[in-house]
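The values are calculated or read from the model by the stated rules, or taken from the named source; none is laboratory data. All values reported here derive from a predicted model rather than from experimental measurement. Ideal geometry is used to build each Cβ from the backbone, glycine not excepted, and the neighbour counts take in all protein chains shown.
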Amino acid sequence: MSFLKKSPWVLHYAATSCNGCDIELLACLTPLYDVERFGIVNTGNPKHADIFLVTGSVNEESRKVVENLYAQMPDPKVVVAIGACALSGGIFRDAYNVYGGIDQVIPVDVYVPGCAARPESIIDGIVRSLDILEQRAKERKRQRKMVAL
Amino acid sequence: MKPYAWSLAFAFILVGPLLGALLAGVDRRLTARMQSRKGPPILQPIYDVLKLFEKDTLVVTQLQTLYLWGFLFFMVIAGFILFLGSDLLLSLFALTVSGIFLCLAAYATNSPYSNIGSSRELMLMMAYEPMLIMVPLGFFLVTGSFRVSDIIAGSPWQVLQLLGILVGFLFVLTIKLRKSPFDLSSSHHGHQELVQGMTTDLSGSDLAIVEIGHWYENVILLGWLYLFFAPWGPWIALPISFVLFFAEVLVDNTNARLKWSSTLKASWLMTGVFGVTNLLLLPVIS
């Protein structure tokens, strides 16, 4: 049993989104949904985070930030893309300035659809990412042992 | 020195962090209830720290881990002296050294956020140290000894004689526990101006050491609070100190953060009005 599942700290970044998904994401922290029940804390700091929540269709400006934040997060980590834009670019897909999807920039583990994504589906996405996180933790532990040998 | 004093001191080293974690857990649950949320389990701080040990530790500089171990070591020493019933003044000095080590760790990591965080922490130390040093001084003037065991065996009226110092101590306790309105060195919640202040660049097991150090610190501060009521015996003194301790959560949830200059002014004003006045009046009262 990994304690990562009991205390996942999330980092939220809006990669050029319309802020619709961001508001729904923050709604998860409000008394109605209160994800802190599950130990989920919204840290503003990539070095403390376990789960990276990204919204929006990435463009050239936000690509650097997304890559930087992803690189700064210590392993094991997972990425959850939230909303239609983060999945495929959404209605901005054909715009000349967007990459269209977070997975064009960094590896994504869980996709949460919706425009805007509902708080319930965001929580579901985070819960699903926990299993992947636990698997990564096991893998990372094995790697550390191999380095020690 | 009685043998049970040693057992209490060793119990602090072993059980101290557990008690501190429970205090932090109750703190988080109370905070959640005040915001009409359900809140995390009471053991959540323990889960957090055990998780941090599973994470990778990003090392910015080798020094940071050394400084953090210094922080933890002197924190344990401060508590050990306190629970041994030994010199209160020495315990305070160890506590201060431990605080300095945390600042050094934050400075060593070189991130602008942690640099601002530790500058502010040093400023906060300037704000609360005069009041903190007045606590052992007040106890000395009342009981004639700096030893914790003598203070516990002191007169039941000492809390009334030291009422001003108690009020001043409760004021700086808010700073020491890093609660609003004085949480300017480490903004605990996401999306604030300092990210996480002093702990910005600390991750994995390094951050876990900081957390464990804070658990010890909570227990030490609770111990200091207990000292004021100690002559009444643990059955009366412990509930009072717990209530006062958790009153800080209410303060935390009802106040916005102050700037460092207002913090310094406010705490020195409190120190002057309550602490110094109390000290000057002591010969008259007793």
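I'd like the full set of residues that are surrounded by fewer than 17 Cβ atoms within 10 Å (Cβ to Cβ) and out of contact with any Ser or Thr (no Cβ under 7 Å at 6 or more places or on another chain), limited to the range B:60-75.
Of everything in the range B:60-75, those that are surrounded by fewer than 17 Cβ atoms within 10 Å (Cβ to Cβ) and out of contact with any Ser or Thr (no Cβ under 7 Å at 6 or more places or on another chain) turn out to be B:62, B:63, B:66, B:69, B:73.
Kindly indicate whether any position in the range B:184-195 is closer than 30 Å to residue B:137 by Cβ, assigned to a loop (DSSP other than H, G, I, E, B) and within 14 Å of another protein chain (Cβ to nearest Cβ).
Looking only at the range B:184-195, we keep the residues that are closer than 30 Å to residue B:137 by Cβ, and these are B:184-186.
Next cut, assigned to a loop (DSSP other than H, G, I, E, B) only: B:184-186.
Now restrict to residues that are within 14 Å of another protein chain (Cβ to nearest Cβ): B:186.
Among the residues of the range B:184-195, at least one is closer than 30 Å to residue B:137 by Cβ, assigned to a loop (DSSP other than H, G, I, E, B) and within 14 Å of another protein chain (Cβ to nearest Cβ), which makes the answer yes.
Considering every residue within the range B:210-224, establish whether at least one is within 14 Å of another protein chain (Cβ to nearest Cβ), modelled with pLDDT of 85 or more and within 29 Å of residue B:43 (Cα to Cα). Lay out the reasoning, then the answer.
Here is the first cut: in the range B:210-224, the ones within 14 Å of another protein chain (Cβ to nearest Cβ) are B:210-211.
Among the residues that remain, those that are also modelled with pLDDT of 85 or more are: B:210-211.
Checking the rest, the ones that are also within 29 Å of residue B:43 (Cα to Cα) come to B:210-211.
Yes, the range B:210-224 contains a residue that is within 14 Å of another protein chain (Cβ to nearest Cβ), modelled with pLDDT of 85 or more and within 29 Å of residue B:43 (Cα to Cα).
Restricting to the range B:31-55, name every residue that is hydrophobic (A, V, I, L, M, F, W, C) and touching a Gly at 6+ places or on another chain (Cβ under 8 Å). Reasoning before the result, please.
Of the range B:31-55, the ones hydrophobic (A, V, I, L, M, F, W, C) are B:32, B:34, B:42-43, B:46, B:49-50, B:52-53.
Result: B:32, B:42, B:43, B:46, B:52, B:53.
So, of the residues in the range B:60-71 that are in contact (Cβ under 8 Å) with a residue 60 or more places away in the chain and farther than 25 Å from residue B:18 by Cβ, which turns out to be nearest to the other protein chains (Cβ to nearest Cβ)?
Initially, the range B:60-71 is screened for residues in contact (Cβ under 8 Å) with a residue 60 or more places away in the chain, giving B:60, B:64-65, B:68-69, B:71.
Now drop any that are not farther than 25 Å from residue B:18 by Cβ, which leaves B:60, B:64.
Numbers: B:60: 9, B:64: 12 Å.
Across the range B:60-71, the extreme among qualifying residues is B:60.
If you check A:4, A:25, which single one turns out to be among the aliphatic types (A, V, I, L, M), at the interface with chain B (Cβ under 8 Å from one of its Cβ atoms), buried (at least 23 other Cβ atoms within 10 Å of the Cβ) and in a helix (DSSP H, G or I)?
Numbers: A:25 fails: at the interface with chain B (Cβ under 8 Å from one of its Cβ atoms).
After ruling out the rest, the residue left standing is A:4.
A quick yes/no check of all residues on (1) in a loop (DSSP other than H, G, I, E, B); (2) charged (D, E, K, R); (3) touching a residue at least 60 places away in the same chain (Cβ under 8 Å); (4) more than 9 Å from every other protein chain (Cβ to nearest Cβ):
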position	(1), (2), (3), (4)
A:10	no, no, yes, no
A:16	yes, no, yes, yes
A:37	no, yes, no, no
A:63	no, yes, no, yes
A:70	no, no, no, yes
A:75	yes, yes, yes, no
A:80	no, no, no, yes
A:95	yes, no, no, yes
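Among (1) surrounded by fewer than 20 Cβ atoms within 10 Å (Cβ to Cβ); (2) away from every other protein chain (no Cβ under 14 Å), where does residue B:205 come up short?
(2)
Can you list residue pairs whose Cβ atoms sit under 8 Å apart, with the first residue in the range B:110-137 being closer than 19 Å to residue B:59 by Cα and the second being part of a loop (DSSP other than H, G, I, E, B) and hydroxyl-bearing (Ser, Thr, Tyr)? Count only pairs 6 or more apart in sequence or on different chains.
B:110/B:61; B:111/B:200; B:113/B:200; B:114/B:200; B:117/B:185; B:117/B:186; B:117/B:200; B:118/B:185
Give me the pairs, please: first residue somewhere in the range B:37-51 and facing another protein chain (nearest Cβ under 7 Å) and assigned to a loop (DSSP other than H, G, I, E, B), second residue anywhere and surrounded by fewer than 21 Cβ atoms within 10 Å (Cβ to Cβ) and among the polar types (S, T, N, Q), beta-carbon distance under 9 Å, and either six or more positions apart or on two chains.
B:37/A:30; B:37/B:31; B:39/B:31
Here's the yes/no breakdown for (1) over 26 Å from residue B:94 (Cα atoms); (2) assigned to a helix (DSSP H, G or I); (3) among the aromatic types (Phe, Trp, Tyr):
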{"site": "B:221", "(1), (2), (3)": "no, yes, no"}
{"site": "B:246", "(1), (2), (3)": "no, yes, yes"}
{"site": "B:251", "(1), (2), (3)": "yes, yes, no"}
{"site": "B:265", "(1), (2), (3)": "no, yes, no"}
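Which of the residues belonging to the range B:13-36 are over 20 Å from the mean Cα position of the chain (by Cα) and either in a loop (DSSP other than H, G, I, E, B) or in contact (Cβ under 8 Å) with a residue 60 or more places away in the chain (or both)? Spell out how you get there, then give the answer.
Applying the first criterion (over 20 Å from the mean Cα position of the chain (by Cα)) to the range B:13-36 yields B:32-36.
Matches in the range B:13-36: B:34, B:35, B:36.
Restricting to helices (runs of 4 or more DSSP H) lying wholly in the range B:78-183: which have 1 or more residues that are modelled with pLDDT of 90 or more and surrounded by 22 or more Cβ atoms within 10 Å (Cβ to Cβ)?
Details: elements: B:88-109, B:112-143, B:148-152, B:158-161, B:163-176.
Those helices (runs of 4 or more DSSP H) span B:88-109, B:112-143, B:163-176.
Of (1) over 14 Å from the mean Cα position of the chain (by Cα); (2) surrounded by fewer than 20 Cβ atoms within 10 Å (Cβ to Cβ); (3) among the β-branched types (Val, Ile, Thr), residue A:127 satisfies all except one. Which?
(1)
Please enumerate the residues belonging to the range A:39-61 that are part of a helix (DSSP H, G or I) and touching a Leu at 6+ places or on another chain (Cβ under 7 Å).
To start, the set of residues in the range A:39-61 that are part of a helix (DSSP H, G or I) comprises A:46-48, A:60-61.
Correct list: A:46, A:47, A:48.
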